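Peer 1: The structure follows.
The values are calculated or read from the model by the stated rules, or taken from the named source; none is laboratory data. Values in this document were obtained by computation on a predicted structure and should not be read as measured data. Glycine also receives a Cβ, built like all others from the backbone with ideal geometry; neighbour counts cover every protein chain displayed. Just so you know, the surface numbers come from the protein's heavy atoms only, side chains and all, with ligands and any DNA or RNA stripped out. Shrake-Rupley method; radii C 1.70, N 1.55, O 1.52, S 1.80 Å.
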Amino acid sequence: MKKILFFLTALCFVVASCTKKKTDYEAEINTVVTEHYEFKEAVAITNSGYAISIEALNGTFYKGYNEIRLKITDKQTHIEVKASNVTFLPIITTANGQTISCPHSYSLDYQADSQYYSGYAVFTKESKTNENWDLYLSFTINGQSYSLKQNISVKEQTNKNLSMTAFTGKDEEQYFIAIVAPQKPKIAENQLIAGIYKNNKPSNPSSGVFPDPSQFSYSEVSDYVLQLDPRMPEPSMGNHSSLNNRDLIQRNDGLYAGVVNYTMTGNWTLNFILLNKNGRILKGTEVSKDFTPGVEGAKSDLFIDILF
Amino acid sequence: MKILSIVLVFLGLNVNAQNAPLQSDSTRLLKEVKVIGTAKRKIETELKMAVSVDEFLASSENISFIKRGAYAWEPLLNNMSSERSTLTIDGMHLFGACTDKMDPITSYVESNNLSTIDIKSGQEGSMHGATVAGSIDLKRKSTPFGMEKKVNGTYQSGFEFNNNQLFNLGNASYSSQKFVADGSVSFRKAGNYYDGNNNKVNHSQYQKFNSSVGLALKASPLSCLRVDAIYDQANDVGFPALPMDLWLSRAIITSVAYKKLFEEGLVKVWDTKLYFNAIEHYMDDTTRPENLVHMDMPGWSTTYGLISKVNLKKGNYSSEIQLNAYDNLSIAEMRMYPQDRNKRTMFAYSWPWVSTRFAGLSMNNSLEVSERSQVNFGVTLGLNYNHSKYVEFNWIFHPGASQSKTRILPGLHASYQLHINEFDFSVGTGYGHRAPSVSEGYGYYIYNSFDRYDYIGNPNLKNEVSYEANASAGFTKEKMGIQAKVNYFYIENYIIGRILSLGSPMNYQSVGVKGYTFLDHAKIFNLSLNTHYNFSDDLRWKGTLTYAHAVDEQDQTLPFIRPLSYQTSLRYVKNKISLQTALNGDFTQNNYSPQYGEDETPAYVTWNISADYTFSFKKLKPVIQVGAENLLNKQYSTYADWGNIPRMGRNIFTSLKVNF
Ligand SMILES: [Cu+2]
C-alpha cells in the first residue's frame, strides 16, 4: 500500500509540475486579436414617430469594412415597420470643409427572414474632433418619405486583420480594398474575403441639394482579380511565405474570396496585384520570392498588413 | 558469478524464451531449470570500466551513432535511424521530447542503474512493438530476494582530463526474503572538449543527474510486487553540431509491476506492468549570439502504458507472449522573437499535439528440434493509431489529410539454429511493418541542421514494410572463435525527406523545405565479423570488422551508412593488474550520399590504452584504472558526426570503483 501511495505521489508530482507552461493555443491568437461576432446597436435615431436603429459588430463603427443592419420600428408600438427605398449615405466633413463619402451600399436591401435592411460601409478614416462622419438616411413609409441626418463616431480598428487601403489605379480611378474576413486568422488555411470598390466619378454636376447621391457614388468592382502573395516581413523570417494560396475572385455576393495560408502567428503582409476584368494591372508589383534571411521583406506597392 | 546467476532468477531481467526458458524465485527451482542463458554483458567495455551508456552501446557491432556533440548520441541499429528501432527501458516505451533528436531514450538512464542492454536485430526485436531495424531494450538493475549478503553497493568515481569530466556514480541494494530495495544516484559534469588539434569545441559541455529507486515486496512465495522510478535531469548541455543547446531536460520514468511464477503447468511466469513516463525538454539558443533570431523550442512527451506477458514451457517447446499497449502525447512548440522584442512573437507547433496509441500482441516461440538444432518463430500484430489535435498545421502542406489514422502493423519472423561440434549456423527471415514517427507523420518545419532543410511531416505516408533475411556462421575452439553475421533488409515505402518545390523555409538557417515521402524501396546490407584468440589465459585478442551497404531505389547510397570499420583489442591480465589496448577505425567513406547532405569522410584510426589495478583496502577490493583514448591525439571526425564536428582528441581518464 505504501508503495502504491509513493507511486501515486510521484505521479501527481510529475503531472502537476512542468518547468515551463505549455502554450494555450486558443488563447495565443486572442492575445492580439479580439473577435466580434455579435451585432449590437451602434446608433439609435428617433424621427417622426419612428425609431431607427443601426447595428454593427460590437455596436461600433470601425475604420474599414462594416456590415450594417438597419431596423425601423414604430416608436409607440415597437412593431417593425415596413419601409421602402431605404437609403444610406455616410459623408465625412474634413478639416478643410470638404465633403467626401466612402464605399457604401446606398440602397439597403430588406432581408425578409431576419427582418432588417442590410448594407455596408467602408469607412476610410476615423472620426476626429475636426473630422466628422454623418449618416444621411431616407426611407418611405406609406407613400410618405422621410430623410434624416445623424452624426456618428468611427473608431480605430484595433483588429489588425480587418485593415483597408485606398489608392489610385493606373486608370486614374480611385480604388478601395478592405479585408472582411477572417477576423481571427488561424495557423491554417484561411478563407480570405475582401471588398474591392471604386469611386464612380460623377457624370453630371451636382443638383445643388445636399447631399446629392450621384456625387457620392461608389460601387463594387466586378470581375477583377486580386492576386495574392502573403509573406512575413520580419527580417529574421527571410521573406518567408506559405503555399496553396489562391487569388481573390468575385463571389455572387459581390465580395472577393481567395485562400491564404498562415504558417505561424505574427506579422504578415498580403502583397497584392489588382487586375481589372481585361487583365490589366491597376496597382501592385511582383515581390521577390527569394529567401533572404536577415533582410526585411520588400512589399508590393499594394499591400495590407495582418497581425495575429 | 553466483550472484549474477541468481540475478537472472528473480525480477530478473526478462529472460528470452529461446535461451533461458524460465525464471523462478528460489535456488531450488533454479536447479531444475536449465539456464542456457547467454552471459549477461556488464555495462563496461573492454577498455573502460566506467562508461556512459553511449560508450557501452558503441562497443556493440551493430550499433553506430549519430553524434551531435559529446552527449546523448543517437543510436543507429543496423545502420538505420532511431525511428526504425524500438527503444525501451524494461520493455517500457518512452519517446524523446526533442524535435531535433537531442534526447534519445538512452540519454535518460545511467550506467549504474542498468544491468545490461538487450539488442535484437530485425524482426526478432518485435517483442516490444513494431520495428524494422530491431530493438534496444535497456534493462534496469533489480536485485533478487534473499541474497546471502543483504546490503550491496558500488561506488564509482572518475575524472577525464580532456573535457574535465567528473563523475560520481553510486548504487546500493538491500535484499531480504520479503523485501528488496535498489537505489542509485549519479552525477556527471563535463566541460568543453578539445579536438585533436587542441582546439576547444565550443558548446560541448554537459551536466547530468540521474537517480533511481526500486522497491519489491514478495506477496507470496511465488509472486511479488515491484515499483520503480527513475528521475533524470540534464542541464546546460551543449550541442556543437546544432544551432542551439539544451537548457534543461527532465524525465520521470515510473512503473508498478506484478509478477507471478507457477511451479507446475504450461505457464511458468506471468508478469504485468503499468507504467508512466513524462519528459520535458527545453532548448536554449541564447548562448549562440550568432543566431539571427531568438527562439524558444520546448517539447513534452508523456506516455502511459501496459505490458503483460507470460512465459510458457512444455517439454522442448517454450514461448513468450506479450501484450503491449501505450498512449503517447508529443507536443513541441516554437516561438520566434522578432528583432524588435516589442513586436508580436511568432508561434507555431512543430508537433501539433500528436497522440500515438499502440496495442500489440507478440509471440516468440522456440522449439528444440534436437540436441543440435532449434527453430524459433514469432508473430506480432499491432494496431497503431495517430491523432493530430491541431491538424490544421498538417493541412497546410497536406490539405484534407485525415486528422487521425489507424494502421495495422503485422510482423513475422523465423529462424533455424544448428550446432555441430565446433560449428554453429543460423538462418532467419522476417517481415514487418512500422508506422511513421511523430516527426515523419506530423512534424511541422523541423529544422535539420545536417542538410539544412526544414522538414514537414506527411500524415498520408504508407507503412514502411521490411523484408529481411539473416544468417550467421561461427566456429569456436578452445583458444579461438570466429563468427560472421550478415543481414539484408529490403524495405518498401522507405521513409525519407525529399525537397519540396512548395513553400519557403521558416528557420533562417535553412535552405529549403523537405517533405517526408517514401521511396519505392531501399536495400540495406550489414556484415560483421568477430574473432577472438586467446594466446594464453593471460593474453587475449579480439577483433571486429563491420561492413554495410545501403542504397535507395535508384541505387544511390543512403545517408549515415557506416563505412568499413574495425575494432581490435588486446588484453593482458596477471594477478591484480590488467592492461588493455585497442585500435578503432573506419576506412574512407567512399559511398557517401551528397543528395542527403553528406560529404566524403576520410579514414581514421584511434589508439586507446588502459591499465587497472585491484588492491586491498581493509575488507574492500577497490579497482583503479588509468587510460587514454585517442592516445596519438588524432584530429578526426566520423561519417556520422553531424556537421563534421571533430571528435575528442587525446583523453586521459582515471576511475575508481569500490564494491561493498
Ligand atoms: Cu532539443
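Peer 1: Find the residue count for region A:136-172, including only residues that are closer than 17 Å to A:SER101 by Cα and assigned to a strand (DSSP E or B).
Peer 2: Quick first cut of region A:136-172, residues closer than 17 Å to A:SER101 by Cα only: A:136-138, A:148-155, A:164-168.
Checking which are assigned to a strand (DSSP E or B) leaves us with A:136-138, A:148-152, A:154-155, A:164-168.
Adding up the residues that qualify gives 15.
Peer 1: What residue, of B:LYS139, B:LYS149, is without any contact (Cβ under 8 Å) to a residue 40 or more places away in the chain and either hydroxyl-bearing (Ser, Thr, Tyr) or more than 16 Å from the ligand (Cβ to nearest atom) (or both)?
Peer 2: Residue meeting the stated conditions: B:LYS149.
Peer 1: While we're on this one: Please go through region B:582-599 and pick out each residue that is touching a residue at least 12 places away in the same chain (Cβ under 8 Å) and either outside any loop (DSSP other than H, G, I, E, B) or touching a helix residue (DSSP H, G or I) at 6+ places or on another chain (Cβ under 9 Å) (or both).
Peer 2: Step one: filter region B:582-599 for residues touching a residue at least 12 places away in the same chain (Cβ under 8 Å), giving B:582-593, B:595-599.
If the condition is that a residue be touching a residue at least 12 places away in the same chain (Cβ under 8 Å) and either outside any loop (DSSP other than H, G, I, E, B) or touching a helix residue (DSSP H, G or I) at 6+ places or on another chain (Cβ under 9 Å) (or both), then B:ALA582, B:LEU583, B:ASN584, B:GLY585, B:ASP586, B:GLN595, B:TYR596, B:ASP599 are the ones that fit.
Peer 1: Tell me which residues, restricted to region B:97-126, are within 11 Å of the ligand (Cβ to nearest atom), acidic (Asp, Glu) and either closer than 27 Å to B:GLY170 by Cβ or modelled with pLDDT of 95 or more (or both).
Peer 2: B:ASP103
Peer 1: On to the next question. Evaluate the following for B:SER82: is it over 29 Å from B:SER610 (Cβ atoms), surrounded by fewer than 24 Cβ atoms within 10 Å (Cβ to Cβ) and within 16 Å of the ligand (Cβ to nearest atom)?
Peer 2: Numbers: over 29 Å from B:SER610 (Cβ atoms): yes; surrounded by fewer than 24 Cβ atoms within 10 Å (Cβ to Cβ): yes; within 16 Å of the ligand (Cβ to nearest atom): yes.
So B:SER82 fits the description; yes.
Peer 1: In region B:188-224, which residue that is of a type in the set (A, V, I, L, M, F, W, C) and either open to solvent by 40 Å² or more (accessible area, probe 1.4 Å) or within 28 Å of the chain's Cα centre (by Cα) (or both) is farthest from B:LEU166 (Cα to Cα)?
Peer 2: Residues of region B:188-224 of a type in the set (A, V, I, L, M, F, W, C): B:190, B:201, B:209, B:213, B:215-217, B:219, B:222, B:224.
Those left that are additionally either open to solvent by 40 Å² or more (accessible area, probe 1.4 Å) or within 28 Å of the chain's Cα centre (by Cα) (or both): B:190, B:201, B:209, B:213, B:215-217, B:219.
Working: B:ALA190: 6, B:VAL201: 18, B:PHE209: 12, B:VAL213: 23, B:LEU215: 29, B:ALA216: 32, B:LEU217: 36, B:ALA219: 41 Å.
The extreme case among them is B:ALA219.
Peer 1: When the residues of region B:296-334 are filtered to those that are away from the ligand (no atom under 16 Å from the Cβ) and β-branched (Val, Ile, Thr), which remaining residue is surrounded by the most Cβ atoms within 10 Å (Cβ to Cβ)? Step through it out loud before you land on a result.
Peer 2: Initial filter on region B:296-334 (away from the ligand (no atom under 16 Å from the Cβ)): B:302-329.
From the residues that got through so far, the ones that are β-branched (Val, Ile, Thr) too are B:302-303, B:307, B:310, B:321.
On the way: B:THR302: 21, B:THR303: 20, B:ILE307: 24, B:VAL310: 18, B:ILE321: 19.
Residue satisfying both the conditions and the ranking: B:ILE307.
Peer 1: Check B:LEU545, B:LEU570, B:LEU579, B:LEU519 and return the single one that is closer than 30 Å to B:VAL375 by Cβ, in a strand (DSSP E or B) and more than 14 Å from every other protein chain (Cβ to nearest Cβ).
Peer 2: Numbers: B:LEU570 fails: closer than 30 Å to B:VAL375 by Cβ; B:LEU579 fails: closer than 30 Å to B:VAL375 by Cβ; B:LEU519 fails: closer than 30 Å to B:VAL375 by Cβ.
None of the other options fit; the residue is B:LEU545.
Peer 1: Quick one: which of A:GLU173, A:GLU189, A:GLU126 is more than 19 Å from A:PHE272 (Cα to Cα) and open to solvent by 20 Å² or more (accessible area, probe 1.4 Å)? So that I can check it myself, show each step before the final result.
Peer 2: Details: A:GLU173 fails: more than 19 Å from A:PHE272 (Cα to Cα); A:GLU189 fails: more than 19 Å from A:PHE272 (Cα to Cα).
After ruling out the rest, the residue left standing is A:GLU126.
Peer 1: Looking only at strands (runs of 3 or more DSSP E) that lie completely in region B:289-351, which have at least 2 residues being within 14 Å of chain A (Cβ to nearest Cβ) and of a type in the set (A, V, I, L, M, F, W, C)?
Peer 2: On the way: elements: B:294-296, B:298-314, B:317-337.
By residue number, B:317-337.
Peer 1: Return yes or no: is A:GLY284 of a type in the set (Gly, Ala, Ser) and on the phi > 0 side of the Ramachandran plot? First the steps, then the outcome.
Peer 2: Working: of a type in the set (Gly, Ala, Ser): yes; on the phi > 0 side of the Ramachandran plot: yes.
Against the criterion (of a type in the set (Gly, Ala, Ser) and on the phi > 0 side of the Ramachandran plot), A:GLY284 qualifies.
Peer 1: Something else about it: For region B:335-349: of the residues being of a type in the set (D, E, K, R) and away from the ligand (no atom under 16 Å from the Cβ), which is nearest to A:ALA27 (Cα to Cα)? Can you show your working first?
Peer 2: Filtering region B:335-349 down to residues of a type in the set (D, E, K, R) leaves B:335, B:340-341, B:343-344.
Next cut, away from the ligand (no atom under 16 Å from the Cβ) only: B:340-341, B:343-344.
Values: B:ASP340: 23, B:ARG341: 20, B:LYS343: 18, B:ARG344: 14 Å.
Result: B:ARG344.
Peer 1: Report, ordered by the first and then the second residue, all pairs with beta carbons closer than 8 Å, sequence separation of six or more or different chains, a first member in region B:245-258 that is under 30 Å from B:HIS203 (Cβ atoms) and of a type in the set (Lys, Arg), and a second member that is open to solvent by 10 Å² or more (accessible area, probe 1.4 Å) and away from the ligand (no atom under 13 Å from the Cβ).
Peer 2: B:ARG250/A:THR19; B:ARG250/B:TYR231; B:ARG250/B:GLN233
Peer 1: Any chance you could count how many residues in region B:601-616 are part of a strand (DSSP E or B) and within 27 Å of the chain's Cα centre (by Cα)?
Peer 2: Total satisfying the criteria: 7.
Peer 1: Mind listing whichever residues of region A:46-69 are aliphatic (A, V, I, L, M) and either surrounded by fewer than 17 Cβ atoms within 10 Å (Cβ to Cβ) or without any contact (Cβ under 8 Å) to a residue 60 or more places away in the chain (or both)?
Peer 2: First, the residues of region A:46-69 that are aliphatic (A, V, I, L, M): A:51-52, A:54, A:56-57, A:68.
Scanning region A:46-69 gives A:ALA51, A:ALA56, A:LEU57, A:ILE68.
Peer 1: So, restricting to strands (runs of 3 or more DSSP E) that lie completely within region B:414-472, which ones have at least 3 residues that are under 22 Å from the mean Cα position of the chain (by Cα) and in the same structural domain as B:GLN509 (by TED's automatic domain parsing)? So that I can check it myself, show each step before the final result.
Peer 2: Values: elements: B:423-434, B:446-448, B:453-456.
In region B:414-472, B:423-434 are the strands (runs of 3 or more DSSP E) which contain 3 or more residues that are under 22 Å from the mean Cα position of the chain (by Cα) and in the same structural domain as B:GLN509 (by TED's automatic domain parsing).
Peer 1: Give the residue, chosen from A:SER163, A:SER153, that is within 30 Å of B:TYR349 (Cβ to Cβ) and hydroxyl-bearing (Ser, Thr, Tyr). Explain how you work it out, then say what you get.
Peer 2: Values: A:SER153 fails: within 30 Å of B:TYR349 (Cβ to Cβ).
Among A:SER163, A:SER153, only A:SER163 is within 30 Å of B:TYR349 (Cβ to Cβ) and hydroxyl-bearing (Ser, Thr, Tyr).
Peer 1: In the list B:GLU290, B:GLU333, B:GLU280, B:GLU264, which residue meets the criterion of being of a type outside the set (S, T, N, Q) and closer than 30 Å to B:VAL213 by Cα? Lay out the reasoning, then the answer.
Peer 2: On the way: B:GLU290 fails: closer than 30 Å to B:VAL213 by Cα; B:GLU333 fails: closer than 30 Å to B:VAL213 by Cα; B:GLU264 fails: closer than 30 Å to B:VAL213 by Cα.
Selected residue: B:GLU280, the only one of B:GLU290, B:GLU333, B:GLU280, B:GLU264 that is of a type outside the set (S, T, N, Q) and closer than 30 Å to B:VAL213 by Cα.
Peer 1: Within region B:529-545, how many residues are touching a Leu at 6+ places or on another chain (Cβ under 9 Å) and not aromatic (Phe, Trp, Tyr)?
Peer 2: 9
Peer 1: Can you name every one of the strands (runs of 3 or more DSSP E) wholly within region A:222-308 that holds 1 or more residues which are within 14 Å of chain B (Cβ to nearest Cβ) and hydrophobic (A, V, I, L, M, F, W, C)?
Peer 2: Working: elements: A:225-231, A:246-250, A:256-261, A:267-275, A:281-283, A:303-307.
Per the criteria, A:256-261, A:267-275, A:303-307.
Peer 1: Look through B:SER366, B:SER388 and report the one residue that is within 14 Å of chain A (Cβ to nearest Cβ) and either of a type in the set (Lys, Arg) or surrounded by 18 or more Cβ atoms within 10 Å (Cβ to Cβ) (or both). Give the derivation first.
Peer 2: Values: B:SER366 fails: within 14 Å of chain A (Cβ to nearest Cβ).
Just one listed residue meets the conditions, B:SER388.
Peer 1: Sticking with this structure for a sec: With A:TYR146, A:TYR175, A:TYR197, A:TYR218 as the choices, which residue is over 30 Å from B:TYR349 (Cβ atoms) and in contact with a Gly (Cβ under 6 Å, 6 or more places away or on another chain)? Lay out the reasoning, then the answer.
Peer 2: Details: A:TYR146 fails: in contact with a Gly (Cβ under 6 Å, 6 or more places away or on another chain); A:TYR197 fails: in contact with a Gly (Cβ under 6 Å, 6 or more places away or on another chain); A:TYR218 fails: in contact with a Gly (Cβ under 6 Å, 6 or more places away or on another chain).
Matching residue, one of A:TYR146, A:TYR175, A:TYR197, A:TYR218: A:TYR175.
Peer 1: Here's a follow-up. Check B:ASP245 against each of (1) of a type in the set (Asp, Glu); (2) within 16 Å of the ligand (Cβ to nearest atom); (3) within 12 Å of chain A (Cβ to nearest Cβ) and name the one condition it does not meet.
Peer 2: Going through the list (1) of a type in the set (Asp, Glu); (2) within 16 Å of the ligand (Cβ to nearest atom); (3) within 12 Å of chain A (Cβ to nearest Cβ), B:ASP245 breaks only (3).
Peer 1: Look at B:THR88 and say whether it is more than 16 Å from the ligand (Cβ to nearest atom), open to solvent by 10 Å² or more (accessible area, probe 1.4 Å) and in contact with a strand residue (DSSP E or B) (Cβ under 8 Å, 6 or more places away or on another chain). It would help to see each step written out before you state the result.
Peer 2: On the way: more than 16 Å from the ligand (Cβ to nearest atom): yes; open to solvent by 10 Å² or more (accessible area, probe 1.4 Å): no; in contact with a strand residue (DSSP E or B) (Cβ under 8 Å, 6 or more places away or on another chain): yes.
In short, no.
Peer 1: A follow-up question, please. Please tell me if B:ALA234 is closer than 27 Å to B:ASN112 by Cα and away from the ligand (no atom under 16 Å from the Cβ).
Peer 2: Answer is no for this residue.
Peer 1: With the condition kept exactly as written, say whether any residue in region B:266-274 is open to solvent by 10 Å² or more (accessible area, probe 1.4 Å), within 14 Å of chain A (Cβ to nearest Cβ) and over 30 Å from A:LYS160 (Cβ atoms).
Peer 2: If we filter region B:266-274 for residues that are open to solvent by 10 Å² or more (accessible area, probe 1.4 Å), which is where we start, we get B:266-268, B:270-274.
When the remaining residues are screened for being within 14 Å of chain A (Cβ to nearest Cβ), the result is B:273-274.
Now restrict to residues that are over 30 Å from A:LYS160 (Cβ atoms): B:273-274.
Checked against the condition, which is being open to solvent by 10 Å² or more (accessible area, probe 1.4 Å), within 14 Å of chain A (Cβ to nearest Cβ) and over 30 Å from A:LYS160 (Cβ atoms), region B:266-274 yields at least one hit.
Peer 1: Hey, another quick one. Go through region B:617-653 and give me each residue that's assigned to a helix (DSSP H, G or I) and touching a residue at least 60 places away in the same chain (Cβ under 8 Å). Outline the logic, then answer.
Peer 2: Initial filter on region B:617-653 (assigned to a helix (DSSP H, G or I)): B:642-644.
Hits for region B:617-653 are B:TRP642, B:GLY643.
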